[in-house]
1. Taking the Cα centre of segment 180-257 as origin and charging only Cβ (+1 Lys, Arg; -1 Asp, Glu), how large is the dipole, in debye to the nearest 20?
2. Provide Rg over Rh for segment 125-257; use the alpha carbon set for both Rg and the Kirkwood Rh (inverse mean inverse pair distance).
3. Quick check for me: using +1 on Lys/Arg Cβ and -1 on Asp/Glu Cβ, what's the dipole size of segment 1-72 about its Cα centre, in debye to the nearest 20?
4. Using each residue's phi in segment 190-206, evaluate 6.51 cos²θ - 1.76 cosθ + 1.60 at θ = phi - 60° and report the 3J(HN,Hα) Karplus result to the nearest Hz, with x for Gly and Pro.
5. Please give the Cα centre distance for segment 5-58 versus segment 193-242, rounded to the nearest Å.
6. Give me the accessible area of residue 35, 1.4 Å probe, in Å² rounded to the nearest 10.
7. When the solvent-accessible surface of protein heavy atoms is calculated with a 1.4 angstrom probe, in what order do 193, 223 fall, highest first?
8. If you count only protein heavy atoms with a 1.4 Å probe, what accessible area per residue comes out for segment 1-67, rounded to a whole Å²?
Amino acid sequence: MNCDDARLLIHGHLDGELDLASDLQIERHLEECPHCAREYAALRAMRTRLKDEGFRFAAPAELKERIRRSIPASAPRRANAYPAQRAAWVRRAGRFAVPMAIGAMLALVIAPRTIGRNADQRVADEVVASHVRSLMATHLMDVASTDQHTVKPWFNGKLDFSPPVTDFAKEGFPLVGGRLDYIEDRPVAALVYQHAKHVINVFMWPSSGHETSPQRIETEHGYHVDQMFVAGMNCWVVSDLNPQELDRFAGLLRAGG
Ligand SMILES: [Zn+2]
């Protein structure tokens with residue numbers, strides 16, 4: 001992230017409006033860039049000052065009384081307005097009914113594909129966020145072991161399924177551990193592999209939908225995400241590894257399962 005990107009996101013970060021991956025990226029930039037860090041500190045200080053009680057003034061009792069007197073006594077009879085509003089709404093709705101019906105038909109034709117894609121993109125964003133979090137929050141592994149016979153039983157009793165666990169050390173992708181994670185509102189298995197200095201997170205949970213062919217889902221933060229099905233598991237692979245190496249790993253995973 002450069003300073004221009006940081007400047008765009010800094011207010012969202014301050015107000016806690018960013019997604020986790022962007023939050024982590026901007027935090028990293030603020031740690032490295034004294035200029036943006038100063039700007040961020042100034043914004044925070046201003047926000048704190050604005051919240052300060054000393055900046056607020058209580059309205060004098062006389063002003064409150066004047067405002068109260070200026071409101072007509074009949075104001076609370078708002079309830080009477082509802083039938084008229086409802087009639088107007090029904091008339092408006094009638095005028096839009098035909099276009100809406102056409103829209104609904106189009107949505108039925110187009111939506112399943114779009115929703116499928118959007119859902120995949122949403123899961124991809126989630127697995128990238130989990131991947132980044134696992135690297136930054138020193139919570140990469142709950143069980144650190146290069147032995148698949150240690151990692152696999154570790155999941156017993158922690159999940160309602162048993163993920164396939166294979167070590168690919170001979171192929172250059174050693175298994176280094178596993179942990180529990182949370183994707184799509186459910187607990188999932190996260191297997192951690194390494195290749196050179198790169199960490200690969202493999203997220204797995206039982207597949208509920210129909211199984212499709214493997215796909216690459218591009219994400220904007222420099223991570224690559226592969227989605228596939230392995231032994232009845234929905235399987236998401238994420239890493240900053242280059243796409244060719246990641247594909248090689250994904251191939252091993254599919255063959256291993
Ligand atoms: Zn900067």
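The values are calculated or read from the model by the stated rules, or taken from the named source; none is laboratory data. This is a predicted model, so every value here is computed, not measured. A quick note on method: Cβ atoms are made from the backbone with ideal geometry, for glycine too, and the neighbour counts reach across all protein chains shown. We work out accessible area using only protein heavy atoms, side chains counted, and drop any ligands, DNA or RNA first. Shrake-Rupley method; radii C 1.70, N 1.55, O 1.52, S 1.80 Å.
1. 260
2. That ratio is 0.91, to two decimals.
3. 740
4. Each residue's phi maps through the Karplus curve to give 10, 9, 10, 10, 10, 9, 6, 9, 8, 9, 10, 9, 10, 9, 9, 7, x Hz.
5. Answer, in whole Å: 33.
6. 90
7. 223, 193
8. On a per-residue basis, segment 1-67 sits at 74 Å².
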